[in-house]
Amino acid sequence: MDRIVIEGGRPLHGEIRISGAKNAALPLIAATLLAPGWHTLHNVPNLRDTRTIMALLQSMGVQWQWEPDGPLRINSEHLVGNEASYDLVKTMRASILVLGPLVARLGCARVSLPGGCAIGARPIDFHLRGLEKLGCTIDLQDGYVAARIDGRLQGNTVTFDIPSVTGTENILMAAALAEGDTVIKNAAREPEIGNLIDMLILMGCAIEGCGTDTLVVHGMRELRPAEIAIIPDRIETGTYLMAVGAAGGEVVLRNCNPEHLPSLLEKLQAVGLEIECGADFIRVARSAPLQSADITTMPFPGFPTDLQAQFMALMSISTGVAVIHENIFENRFMHVAELRRLGAEIRVDGHTAIVTGVDRLHGAQVMATDLRASASLVVAGLAAEGSTIISRIYHLERGYADLVAKLAGVGAAIRKEKEPS
Ligand code: EPU
C-alpha cells in the first residue's frame, strides 16, 4: 500500500491545472448507456472511480478507447449485461447511476444495493421512488435492486423530499427515454447536473429549467451519441485554494470555473485570502493571518459538503473560532480525530464542529478515512511543521488526479512512497 509524506510549512507558488470533475464524469459516462454508437467525452479525469465505472460498463459489453490525455470514446451498442455487481458497487456507490439508463434502454436492470459508507447511511430510496413514478417495478432481492418495465417508461412528476444529486441524475437519464414529459421538482442544482443536461440535450432530448429546481424532460423514443467536455472539478479547485490558504504563497489555478464555487470563494475572501477570478482561472494568495468564518453545508449554491473537511483543516490554523455545521451527511466528521493528531483543537457536538484556531499544527502519522477527509489531511499537512505521513491514500486516488505531482509542481515537499511492511 502507498502513503503520502509531506514536509509542511513551505509556501506554494506557481500554477495548477484543474482536471475534469469526477462527479460530472460518472453520470456522463453512465449516460452513454442510453444511446448506441460512439460517444466522445473530453476532459475525463483519470481516477480510480472513472476506471471503476468503465470496468462496470465493460462487464456489460460496452466498448471503449482511452488514449492517455485523449478523449474517452464509449460505444454501448452491443450490451450483453444489465447488472452492477456487489464487487463494483461496494467500491463506488455512484455505480447506482447505471440503474436509470439501463432500465430505460433495456427494460430491466439489476444493481447491488450500495449499503452504508464512511460518511453516512446514504439510502437510495429517492432514486427508487422516482423510477417507480416512471412506471418501473422495483424488487429488492438478495441485496440487489431489480428494476423492470413492460414497454417504455412513462413520464410523470417526480418530487424529491430533499435535493439529491445522483437521484436527480438517475431520473433525468431515465426520463430522457420515457414516453411523454417528466417534471422533476426539488431537483438538485449542482453544476454537474448542468453538464449532464447539456449532454442529454446533445443526444436529442429537450430539457427545460437547467440550473433551477424544476426540470422538465421531454422524453424521446431514441437518442443519439454525443460529444461533450466534462466540466472542471470544483471540489479539486476548492481543495487547492485551501491548500494555498493553509501553506501560504500565491498560485493560479487554471482551467477552472469560479462560477461553480460561489459560497467557497466568498468564505475564503472573508477569512482574508486574496482571490482574483477570470473566466477560467482563480489566483489565490495569502498575505495576512487567517481569520475564522462559520459554514453550514448545503446543496448548491450553498457551501459544498465535499469541501467541509478541507475548510475545517484551514480553520484549524485561523486566529479565531469557527463553527462548522454538516447538514448533508450524518457522519462526515471522520477527519476530526486525525486533524487533532496534528494538533488541531476541534470539539464536536452532534452535526456541529467548533474549531479553535492554533498557532501551528505539527506533523504526525494520520490515516485517510474517506476521499474528502483525506484531502483535509493534505491541506493540514502542508501547513504543519515537520513530517505528516498519510496512510490509506487509495481514498484520495478515487477523486484527485495527480495530486502529488500537482502540489510538488507548486513547491510542496510532498511524495508518495510504499508503506513499510
Ligand atoms: N438521500 C436520501 N435518499 C436518497 C438519496 C439521498 O435520503 O435516495 C439523502 C442523503 O443521505 C443525503 C442527501 O440526501 O443526506 C443528499 O445526498 P445526495 O443524494 O445528493 O448525494 P449523492 O448523490 O449520493 C453526490 C456526490 C457526493 C456529494 C453529494 C452531496 C456523486 C457521485 N457523489 O452524492 O460526492 O457529497 O452528492 O453533494 O456525485 C465525493 O465526491 O466525495 C462525494 C461524496
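The values are calculated or read from the model by the stated rules, or taken from the named source; none is laboratory data. Everything numeric here is computed off the predicted structure, so don't read it as measured data. Quick reminder, even Gly has a Cβ in these numbers, built from the backbone with ideal geometry, and neighbours come from all protein chains shown. To get the accessible areas, we keep the full protein, side chains included, count just its heavy atoms, and leave off ligands, DNA and RNA. Shrake-Rupley method; radii C 1.70, N 1.55, O 1.52, S 1.80 Å.
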Exercise. At Thr91 and Arg254, where each label point lies 7 Å from the Cα along Cα→Cβ, what is the point-to-point distance in nanometres?
Worked result: 3.3 nm
For this session: Starting from the Cα of Arg347, step 7 Å along the direction of its Cβ; do the same at Glu417; then give the gap between the two resulting points in nm.
Result: 3.9 nm
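For Arg122, what charge total do you get from the other residues with a beta carbon under 10 Å from its beta carbon, if Lys and Arg give +1 and Asp and Glu give -1?
With Lys, Arg at +1 and Asp, Glu at -1, the neighbours total 0.
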For this session: Could you tell me how many degrees, from 0 to 90 and to the nearest 10, lie between the Cα long axis of helix 191-202 and the main elongation axis, the longest principal axis, of the Cα atoms of the chain?
Result: 30 degrees
Problem set entry | Kirkwood Rh in Å, taken over region 13-143 so that all alpha-carbon pairs contribute | 15.7 Å
Exercise. Which whole-angstrom value gives the distance between the alpha carbon centres of region 370-421 and region 75-144?
Worked result: 32 Å
Exercise. For Lys416, which lysines qualify as cross-link partners when the Cα separation must be under 20 Å and same-chain residues fewer than eight apart are set aside?
Worked result: Lys406
Problem set entry | Separation of the Glu266 and Asp402 label points, Cα + 7 Å toward Cβ, nm | 3.4 nm
Exercise. Rg to Rh ratio, region 129-216, alpha-carbon atoms and Kirkwood radius?
Worked result: 0.97
Exercise. Given a Förster distance of 25 angstrom, what is the FRET efficiency for Glu274 paired with Arg360, based on the Cβ-Cβ distance and rounded to 0.05?
Worked result: 0.70
Exercise. Share of the chain's accessible area from carbon and sulfur, percent, 1.4 Å?
Worked result: 48 percent
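Out of the DSSP beta bridges found with both residues in region 266-421, what percent are antiparallel (nearest 5)? List each step's numbers first, then the result.
On the way: 14 of 21 bridges.
About 65 percent, rounded to the nearest 5.
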Problem set entry | Ratio of the Cα radius of gyration of region 162-268 to 2.2 N^0.38 Å, where N counts its residues | 1.29
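Largest first and in whole Å, what are the equivalent-ellipsoid semi-axes of region 285-421 based on the Cα gyration tensor, each being the root of 5 times an eigenvalue?
Numbers: eigenvalues 105, 61, 44 Å².
Its equivalent ellipsoid spans semi-axes of 23, 18, 15 Å.
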Exercise. Using 18 Å as the cut-off for backbone N distance, which residues of region 68-84 belong to the label zone defined by a point 7 Å from the Cα of Arg17 along Cα→Cβ?
Worked result: 68-72
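For region 22-229, what is the accessible area per residue in Å², given a 1.4 Å probe and the full set of protein chains? Write out the running numbers ahead of the final one.
Details: 8120 Å² over 208 residues.
Result: 39 Å² of accessible area for each residue.
Run through the DSSP bridge list for the chain and note the antiparallel percent, rounded to the nearest 5. It would help to have the intermediate numbers written out before the result.
Numbers: 59 of 81 bridges.
Of those bridges, close to 75 percent are antiparallel.
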For this session: Would you mind working out the accessible area per residue for region 313-421, using a 1.4 Å probe, and quoting it in Å²?
Result: 41 Å²
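Give a quick list of GluC sites (Glu not before Pro) in region 69-168 that DSSP marks as loop, anything other than H, G, I, E or B, with at most 12 other Cβ atoms within 10 Å.
Values: sites: Glu77, Glu83, Glu132; in loops: Glu77.
Of the GluC sites (Glu not before Pro), the ones in loops of region 69-168 whose Cβ has at most 12 other Cβ atoms within 10 Å are Glu77.
Taking R0 as 35 Å, what's the FRET efficiency between Asn331 and Glu222 from their Cβ-Cβ distance, rounded to 0.05?
Working: r = 43 Å, r/R0 = 1.22.
Calculated transfer efficiency: 0.25.
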For this session: Have a look at the chain and give its Rg and Dmax from the Cα atoms, expressed in angstrom.
Result: 21.4, 65
Exercise. Where a ≥ b ≥ c are the square roots of the eigenvalues of the C-alpha gyration tensor, would you call region 22-229 rounded, which needs a/c under 1.5, or, failing that, prolate if a/b is larger than b/c, or oblate?
Worked result: rounded
For this session: Select from region 330-419 those chymotrypsin sites (Phe, Trp or Tyr not before Pro) which occupy a DSSP coil region and have at most 15 other Cβ atoms within 10 Å, ordered by residue number.
Result: none
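Rank by packing, highest mean first: peptides 243-249, 367-373, 58-64, with packing defined as the count of other Cβ atoms within 10 Å averaged across residues.
Values: 243-249: 24.9, 367-373: 23.0, 58-64: 15.9.
My ranking of the peptides, most packed first, is 243-249, 367-373, 58-64.
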For this session: For Lys133, go through the lysines and keep the ones whose alpha-carbon is under 30 Å away, minus same-chain ones fewer than eight residues off.
Result: Lys22, Lys90, Lys185
